[in-house]
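K.L.:
Next up is a structure, given as structure tokens.
The values are calculated or read from the model by the stated rules, or taken from the named source; none is laboratory data. Because the structure is a prediction, the values reported are computed rather than measured. When we count neighbours, we look across all protein chains shown, and the Cβ atoms used for this are built from the backbone with ideal geometry, even at glycine. Heavy atoms of the whole protein, side chains included, go into the accessibility calculation; ligands, DNA and RNA do not. Shrake-Rupley method; radii C 1.70, N 1.55, O 1.52, S 1.80 Å.
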Amino acid sequence: MLSFRPSSLPKSTSLKGNKSSKVVCFAKAEAKAEDGRSVRRSLNQTGRYIRHLKEDASSQKTMEKDGVGYSANGLLSQIKKNNNLWQEGNVQVKIAKAYGYCWGVERAVRMAYEARASFPDKNIYIINEIIHNPEVNKKLRALGVIIINGKHGEKDYSVIQVGDVVIFPAFGATVEEMKFFRDKGVHIVDTTCPWVAKVWNSVDIHGRKKYTSVIHGKYSHEETIATASFAANYIIIKDLEECQIVSDYITKPGSDKTAFLKRFKKATSKGFDPDVHLQHIGLANQTTMLKGDTMQIGKNLEAAMLARYGPEKLNKHFLLMETICDATQERQDALFELVKDPSVDMMLVVGGFNSSNTSHLQEISEDKGLKSFWVDGPSRVDVDSNTIHHKLGYGELKETKNWIQKGKAITVGVTSGASTPDRTVEEVLEKLFSLAN
């Protein structure tokens, strides 16, 4: 079994396959000549590529039965009809105006269910979790879908054979993975969120214009890894602090280059030279990042380029395109509105613990100073002991006892991440009502 490390990916990522070393090396060399846009377009010509919903009613019903779709008749649907308010004994619940499953995530899950129905006798593999939600991934495994998770930055695809079915998750796949499976002769079901693909298009434009892509994201996140693979040159920055480091280098090129490269050694393209590659830059983002941070990063980078090149040359050195995801923005804006409500005593944030967009919802609640409990499902709430196991915005998993005062009136604000099914939220609320009443 051999592995190769795609040249355009962050250094933490590599891929294993079952081809000969000669073929693998050829694939690497050819990938440089065949850009990401060409590879994506070539998938359509294989006759083995699916990227649209079939609107299969039976798959939709199976999703509803499994609790991984929208709630048509459950508690959340009733709360929506009641202006997002609900009273259950001593507990008043206020649901954010926008929460939970986004269109792109629901689409990805439905396409996975449709793939199982369309290929009942074939082996089906997902090259990562379909979305960052443990309940959804558990249900897919129960259908016989095999999820391949990487270990130590490597993925082993040697088990996948010609004629099998491979699903690209909502986060997308790297250019190298697309090409690998195109040439492998498998059926490809591409559930990539259209908003992620929009970011890829922006990065592709950066490369064609000879701009370096500055990607606001987390270098180890699946979506950012995929986005980086479409870039000719890139640097990934996770927050405003790292943006400031990049901005300072732009205004003072050559200053402590060694320290700069050490700081971003896992977050830059091969051969990255800040003295060269920060002369022309374009901004892109991981779609789940905080909208306000992405906008501020854009302003800071623009200011740095303006200071270095002046207003007359700014447009020749800095490119800004709109890549903020509507769904992410709507959920964040709705939560900002909810946490301003003085009647809200505490927040419940529901979503996968490895979900980037959910982590930012938790951060919004914490930054407001509200007591906020982030859980990934009902199993985190123990009614008998009045204990909740929850995660904090910065990542610590914590146990809190007596988190609810039984019999006391309380108003709880509720939101959920874009990869969280309605039923998961409903089951968490059922435990809350049981505890408080």
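K.L.:
Run the numbers on segment 35-140 and let me know its relative contact order in percent, using alpha-carbon pairs under 8 Å that are six or more apart. Write out the running numbers ahead of the final one.
P.N.:
Details: 55 pairs, mean separation 29.6, N = 106.
The value is 28 percent.
K.L.:
In vacuo Debye scattering of segment 191-333, one point per C-alpha: log10 I(q)/I(0) at q = 0.12 Å⁻¹?
P.N.:
Reported log10 I(q)/I(0), two decimals: -0.43.
K.L.:
Then there is this: Provide Glu223, Glu430 ordered by accessible surface of protein heavy atoms (probe 1.4 Å), highest first.
P.N.:
Working: Glu223 5, Glu430 110 Å².
Solvent-accessible surface, decreasing: Glu430, Glu223.
K.L.:
Hey, what number do you get for the chain at 222 nm if only DSSP H runs of n ≥ 4 count, each worth -39500 (n - 2.57), divided across all residues, to the nearest 500? Please report the intermediate quantities before stating the final value.
P.N.:
Working: 16 runs with 178 residues, N = 437.
Using -39500 (n - 2.57) per qualifying helix, the result is -12500 deg cm²/dmol.
K.L.:
Determine ³J(HN,Hα), in whole Hz, for all residues of segment 364-379 in sequence, where each value follows from phi through the Karplus function 6.51 cos²θ - 1.76 cosθ + 1.60 and θ = phi - 60°; x replaces Gly and Pro.
P.N.:
Ordered by residue, 3J(HN,Hα) equals 4, 5, 5, 5, 7, x, 7, 5, 9, 10, 9, 10, 9, x, x, 5 Hz.
K.L.:
Ranked by accessible surface with a 1.4 Å probe, highest first, in what order do Arg380, Arg141 come? Please report the intermediate quantities before stating the final value.
P.N.:
Numbers: Arg380 65, Arg141 110 Å².
Output order, biggest surface exposure first: Arg141, Arg380.
K.L.:
Normalized C-alpha radius of gyration of the chain, against 2.2 N^0.38 Å?
P.N.:
Relative to the 2.2 N^0.38 Å estimate, the chain comes out at 1.03.
K.L.:
Provide the gained length on full extension for the span Asn315 to Leu261, in nm with one decimal, where the gain is 0.36 nm per separating residue minus the Cα-Cα distance.
P.N.:
Working: separation 54, 0.36 × 54 = 19.44 nm, distance 2.64 nm.
Working it through step by step, the gained length comes to 16.8 nm.
K.L.:
Based on the inverse mean of 1/r over its pairs of different Cα atoms, what is the Kirkwood hydrodynamic radius of segment 83-166, in Å?
P.N.:
On the way: mean 1/r = 0.0650 Å⁻¹.
Averaging 1/r across every pair of different Cα atoms and inverting gives 15.4 Å.
K.L.:
In square angstrom, rounded to the nearest 10, how much accessible surface does Arg208 have for a 1.4 Å probe?
P.N.:
110 Å²
K.L.:
Something else: I want to verify a result. In a Gaussian network model of the chain, Cα cutoff 10 Å, which of these has the top mean-square fluctuation: Ser213, Ser379, Ser202?
P.N.:
Ser379
K.L.:
Give Lys198/Lys368; Lys340/Lys371; Lys401/Lys431; Lys151/Lys184; Lys398/Lys431 a once-over and call out the pairs whose C-alpha atoms are over 25 Å from each other.
P.N.:
On the way: Lys198/Lys368 32 Å; Lys340/Lys371 13 Å; Lys401/Lys431 15 Å; Lys151/Lys184 22 Å; Lys398/Lys431 18 Å.
The pairs that break the limit, which is 25 Å between Cα atoms, are Lys198/Lys368.
K.L.:
Normalised by the number of residues in segment 231-373, what is the relative contact order in percent for Cα pairs under 8 Å and 6+ residues apart? List each step's numbers first, then the result.
P.N.:
On the way: 136 pairs, mean separation 33.0, N = 143.
That works out to 23 percent.
K.L.:
With a cut-off of 8 Å between alpha carbons and a minimum separation of six or more residues, what is the relative contact order of the chain in percent? Don't jump to the answer; show the numbers that get you there.
P.N.:
Details: 821 pairs, mean separation 87.0, N = 437.
Result for the chain is 20 percent.
K.L.:
Mind checking which of Ala117, Ala226, Ala418 has the largest fluctuation in a GNM of the chain, springs on alpha carbons under 10 Å?
P.N.:
Ala117
K.L.:
Let me ask another. Once you've got the GNM for the chain with C-alpha springs shorter than 10 Å, pick whichever of Met178, Met295, Met111 has the biggest mean-square fluctuation.
P.N.:
Met295
K.L.:
Roughly how large, in nm² to one decimal, is the mean projection of the convex hull of the alpha-carbon atoms in segment 146-257? Numbers along the way, then the final one.
P.N.:
Working: hull surface 35.1 nm².
Directional mean of the projected Cα hull area for segment 146-257 stands at 8.8 nm².
K.L.:
Right, here's the next one. Run through segment 341-437 and list the chymotrypsin sites (Phe, Trp or Tyr not before Pro) located in a DSSP loop whose Cβ has at most 15 other Cβ atoms within 10 Å.
P.N.:
Values: sites: Phe353, Phe373, Trp374, Tyr394, Trp403, Phe433; in loops: Phe353, Tyr394, Trp403.
Passing sites in segment 341-437 are Tyr394.
K.L.:
Quick one: accessible surface of Lys65, probe radius 1.4 Å, all protein chains present, in square angstrom to the nearest 10.
P.N.:
In the full protein context, Lys65 sits at about 140 Å².
K.L.:
Please state, rounded to one decimal and in Å, the Kirkwood hydrodynamic radius that segment 104-151 gives when every pair of distinct Cα atoms enters the mean of 1/r. Mind showing how you got there, number by number?
P.N.:
Working: mean 1/r = 0.0917 Å⁻¹.
Mean inverse Cα-Cα distance, inverted, gives 10.9 Å.
K.L.:
Ranked by accessible surface with a 1.4 Å probe, highest first, in what order do Asp248, Asp66 come?
P.N.:
Values: Asp248 75, Asp66 25 Å².
The ranking, largest first, comes out as Asp248, Asp66.
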